[in-house]
Amino acid sequence: MDQDKVTITIDGQKLQVPKTSTVLEAARSAGVKIPSLCYHPELRPEGACRVCMVEVEGARSLVASCVYPVNEGMVVRTNTPAVREGRKMVVELLLANHPQDCLSCQRNLNCELQSIAGDLGLRQVRFDGEKKHYPLDDSNPSLVRDQSKCILCGRCIRACSERQGVHVYSFVNRGFDTTVSPAFNQGLHQVACTFCGQCAAVCPTGAIVERDNTAEVWKVLSDPQKHVVVQTAPAVRVA
Ligand code: FES
């Protein structure tokens, strides 16, 4: 037997997986689909959102599979009624505090929250509580931050610190007032941001997006005073 592997059972399927795997990694390596939001394969897992919850035999509650290590003989179920209900509840709570403006959002049809809600069959949210409202941070030429769309997954914090070593973002405040922001809620133009765009690349929703400068470009192109004439090389006749 391979000393570096353990045998586990996921949804009745026996698997040999590296003993350093998490349940989520083991499941995905076998093609078993488990939804996730705060997990990103290139970043350290954090177990923040709980969307990836599964049942593990012997565990007292549902566990977050992205941070739960595999053990020899472990039995995992990823699609029981309790798991489906638990995931639905988590996503519904996220949506209850999220703008319902998908159709006009830059990430429409490219949003992980929207896609998971669709997969779970969520058509409406049962909860109607207070929603957070924050001003848009579009104070720089590259990125637009809309904290009303932030689900506090922390992916941008980890990408900025672990991958880029810049450490611009952190969690600010506590409880309902928690945000992910540069220190003291400063704009990105006031801190050491290099505008690399990694935070936008890993953001699962429309909370951080690349700035769409199309409108400005069209304004310049349609203004005859500012119109830049692009010189093209003269055509060469081919005999
Ligand atoms: Fe596992 Fe968020 S993906 S807790």
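Laboratory data are not the source of any read-out in this text; all were calculated from the coordinates shown. Keep in mind it's a predicted model, so treat the numbers as computed, not measured. When we count neighbours, we look across all protein chains shown, and the Cβ atoms used for this are built from the backbone with ideal geometry, even at glycine.
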Task: Cβ-based charge dipole, the chain, positive-most Cα from 168, 80, 62 - done: 80
- [ ] Determine how many Å³ per residue the convex hull of the Cα atoms of segment 54-107 encloses.
- [x] 116 Å³
TODO: Please work out the Cα convex hull volume for segment 130-219 and give it in Å³ per residue.
DONE: 101 Å³
Task: Relative contact order, percent, the chain [alpha-carbon distance under 8 Å, six or more residues apart] - done: 16 percent
TODO: Return one quarter of the surface area of the convex hull spanned by the alpha-carbon atoms of segment 1-99, equal to its mean projected area, in nm².
DONE: 6.9 nm²
Task: Gain on full stretching of the segment that runs from residue 79 to residue 14 - 0.36 nm per residue minus C-alpha separation - done: 21.8 nm
TODO: For segment 153-197, just list the percent of Cα-Cα distances falling in each 5 Å bin from zero outward, please.
DONE: 5, 24, 31, 25, 11, 4
Open item on the list: Report, in listed order, any pair from 33/88; 33/149; 88/131 with a Cα-Cα distance greater than 21 Å.
Closed with: 33/149
Open item on the list: For a quick check: with amide H placed at 1.01 Å from N, whose amide H comes under 5 Å from residue 53's, ignoring anything fewer than 5 positions away on the same chain?
Closed with: 65
- [ ] Please list, in chain and number order, the residues 5+ apart from residue 74 or on another chain whose amide H is under 5 Å from its amide H, with Hs placed from the backbone.
- [x] 9
Task: Contour excess over end-to-end distance, with Cα ends at residue 72 and residue 30 and 0.36 nm allotted per residue - done: 13.5 nm
- [ ] Beyond 24 Å, what share of the Cα-Cα pairs of the chain is found? Please give it as a whole percent.
- [x] 56 percent
